[in-house]
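K.L.:
Quick one: the structure is below, questions incoming.
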Amino acid sequence: MSLAVVGYAEPWWIQLVKGLVIGALALQLVPVVLVCERKMLGRFQGRYGPNRIGIFGVLQPIADIVKLISKQDAVPYNAVGLIYALAPIISIFTAVAAFAIIPFSNTVDILGTQVGLYGVDPSIGLLYLFAFSAVAFYGLMLGGWASGSKYSFLGAMRAAAQLISYEIAMGLSVLGVLMMSSTLSLTGIVEAQQGLWYVVPQLVGFLIFLVSAFAETNRAPFDLPEADAELVQGYNTEYGGSRFASYYLAEYLNIIVVSGIAVTVFMGGWLLPFGIDPPTWVDPFVVLAKIGFFAFLFIWVRATLPRLRYDQLMSFGWKVLIPLATLNALVTAIVVAVT
């Protein structure tokens, strides 16, 4: 039984090349976001930021990575060894799998073969995304539990409650888009935005999605699972070296993923405003520029807003975002049915 339908089948070697390209692109984008965040936080806070390693400090992320992977991987004596080692891998795997469905353009002809500028475009694209998002929480939960530390376990419980709560609001926020586009395919959603991006009719859904994205990626002001004042470092307290770097990589890759989904679902993907139709080779750069804008927004908010209390975080999710997202979906359904 087929779970996803595509309009064509690519040769196996194209799928292999695309897998390698997607992995390399994901790994290259994370250091770029890292150095941009550290430089911009320095400017926001009236300091320099990294400026020693490389020209203007651009090689600082590489130095940090080398430092982390060169450290000894210590394992707590009461940790559950296999799960302790597997948890960061789950976080990276789910992040890369989600990154694979972000479309950078539609299919293009390369040497007589149609190649999609995306990893995979299943007809259940958004369901695919939320499925891996649901699995991602196990990377945090198992890591905190398997560490054998009460601080880590408390951070893991916070992460589980937060991710489950805000994932509901995020799922409801895109229902309006699904009703208007009549498809779950991400390339289909982009094509349906010809002439009008969904951020305009679905502004409420977009804002709910954006706030939920901050919570889903554990970013300020929703970084409660890593609140150092109460939890030391949260679910990854007992992690160091390359395993800590794996969690760090997954967090920033998830920022890129949710930015790419916001671009695809609400901001027209590779489409430009005012009916501008550039050559196909421009499409990936358009998507990357839009993703860069959202990454900047994540950094800006981190430098601006203080962390919420945990009761405020949960109340905002359940008492404000979920009812508002439900109302938005209901109004959209009525409008679509009437028109």
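K.L.:
Do we find that Gly234 is over 26 Å from Val174 (Cβ atoms) and of a type outside the set (D, E, K, R) in this structure?
P.N.:
Yes.
K.L.:
Within region 61-89, can you find the residues that are of a type in the set (Val, Ile, Thr) and touching a Phe, Trp or Tyr at 6+ places or on another chain (Cβ under 8 Å)?
P.N.:
Val75, Val80, Ile83, listed by residue number.
K.L.:
Would you be able to tell me the number of residues in region 65-104 that are aromatic (Phe, Trp, Tyr) and farther than 19 Å from Ile291 by Cβ?
P.N.:
3
K.L.:
Moving to a separate point now. Failed condition for Ile255, given (1) closer than 24 Å to Gln312 by Cα; (2) assigned to a loop (DSSP other than H, G, I, E, B); (3) of a type outside the set (Lys, Arg), with all others met?
P.N.:
Only one criterion is unmet by Ile255, namely (2).
K.L.:
Here's another thing I want to ask about it. Mind checking which residues of region 2-49 are over 30 Å from Gln114 (Cβ atoms) and either of a type in the set (S, T, N, Q) or modelled with pLDDT under 90 (or both)?
P.N.:
Gln45, Tyr48, Gly49
K.L.:
From the list Tyr247, Tyr252, which residue is aromatic (Phe, Trp, Tyr), at pLDDT 85 or above and within 13 Å of the chain's Cα centre (by Cα)?
P.N.:
The conditions single out Tyr252.
K.L.:
Ok, one more. Take the conditions among the small types (Gly, Ala, Ser), surrounded by 20 or more Cβ atoms within 10 Å (Cβ to Cβ) and not in a helix (DSSP H, G or I) and apply them to Gly49. Does it pass?
P.N.:
So Gly49 fails the test.
K.L.:
Looking only at region 57-68, which residues are surrounded by 14 or more Cβ atoms within 10 Å (Cβ to Cβ) and in a helix (DSSP H, G or I)?
P.N.:
Gly57, Gln60, Pro61, Ile62, Ala63, Asp64, Ile65, Leu68
K.L.:
Kindly indicate whether any position in region 271-287 is within 16 Å of Gln202 (Cβ to Cβ), in contact (Cβ under 8 Å) with a residue 60 or more places away in the chain and surrounded by 12 or more Cβ atoms within 10 Å (Cβ to Cβ).
P.N.:
yes
K.L.:
Pairs under 7 Å by beta carbon, first residue under 16 Å from Asp121 (Cβ atoms) in region 10-34, partner in a helix (DSSP H, G or I), six or more apart or different chains?
P.N.:
Note: pairs meeting the criteria are Ile22/Phe99.
K.L.:
Can you list the helices (runs of 4 or more DSSP H) found entirely within region 147-226 that contain at least 1 residues being surrounded by 23 or more Cβ atoms within 10 Å (Cβ to Cβ), within 17 Å of the chain's Cα centre (by Cα) and polar (S, T, N, Q)?
P.N.:
The helices (runs of 4 or more DSSP H) meeting that bar are 150-173, 203-216.
K.L.:
Can you confirm whether Leu82 is farther than 16 Å from Gly23 by Cα, modelled with pLDDT of 90 or more and over 23 Å from the mean Cα position of the chain (by Cα)? So that I can check it myself, show each step before the final result.
P.N.:
Working: farther than 16 Å from Gly23 by Cα: yes; modelled with pLDDT of 90 or more: yes; over 23 Å from the mean Cα position of the chain (by Cα): yes.
Answer is yes for this residue.
K.L.:
Surrounded by fewer than 19 Cβ atoms within 10 Å (Cβ to Cβ), touching a residue at least 40 places away in the same chain (Cβ under 8 Å) and either aromatic (Phe, Trp, Tyr) or in a helix (DSSP H, G or I) (or both), is that true of Leu129? Don't jump to the end; show me each part of the working.
P.N.:
Numbers: surrounded by fewer than 19 Cβ atoms within 10 Å (Cβ to Cβ): no; touching a residue at least 40 places away in the same chain (Cβ under 8 Å): yes; either aromatic (Phe, Trp, Tyr) or in a helix (DSSP H, G or I) (or both): yes.
The answer is no for Leu129.
K.L.:
Residue under question is Ile101, and the condition is that it be outside any helix (DSSP H, G or I), under 13 Å from the mean Cα position of the chain (by Cα) and in contact (Cβ under 8 Å) with a residue 24 or more places away in the chain; does it hold?
P.N.:
So Ile101 fits the description; yes.
For (1) touching a residue at least 60 places away in the same chain (Cβ under 8 Å); (2) more than 16 Å from Val331 (Cα to Cα); (3) polar (S, T, N, Q), each residue gets a yes or a no:
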residue: Met180; (1), (2), (3): yes, no, no
residue: Gln193; (1), (2), (3): yes, yes, yes
residue: Trp197; (1), (2), (3): yes, yes, no
residue: Gly205; (1), (2), (3): yes, no, no
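K.L.:
In addition: Just to be sure, is Ala95 assigned to a helix (DSSP H, G or I) and exposed (fewer than 15 other Cβ atoms within 10 Å of the Cβ)?
P.N.:
On the way: assigned to a helix (DSSP H, G or I): yes; exposed (fewer than 15 other Cβ atoms within 10 Å of the Cβ): no.
No, not satisfied.
K.L.:
Farther than 27 Å from Ala160 by Cα, touching a Gly at 6+ places or on another chain (Cβ under 7 Å) and not acidic (Asp, Glu): does that describe Val287? Break it down into steps so the answer makes sense when it comes.
P.N.:
Details: farther than 27 Å from Ala160 by Cα: yes; touching a Gly at 6+ places or on another chain (Cβ under 7 Å): yes; not acidic (Asp, Glu): yes.
Here the answer is yes, as Val287 does meet what is asked.
The values are calculated or read from the model by the stated rules, or taken from the named source; none is laboratory data. Bear in mind that the values here come from a model prediction, so they are computed numbers and not experimental data. For neighbour counting, all protein chains shown are included, and Cβ atoms are generated from backbone atoms with ideal geometry for every residue, glycine included.
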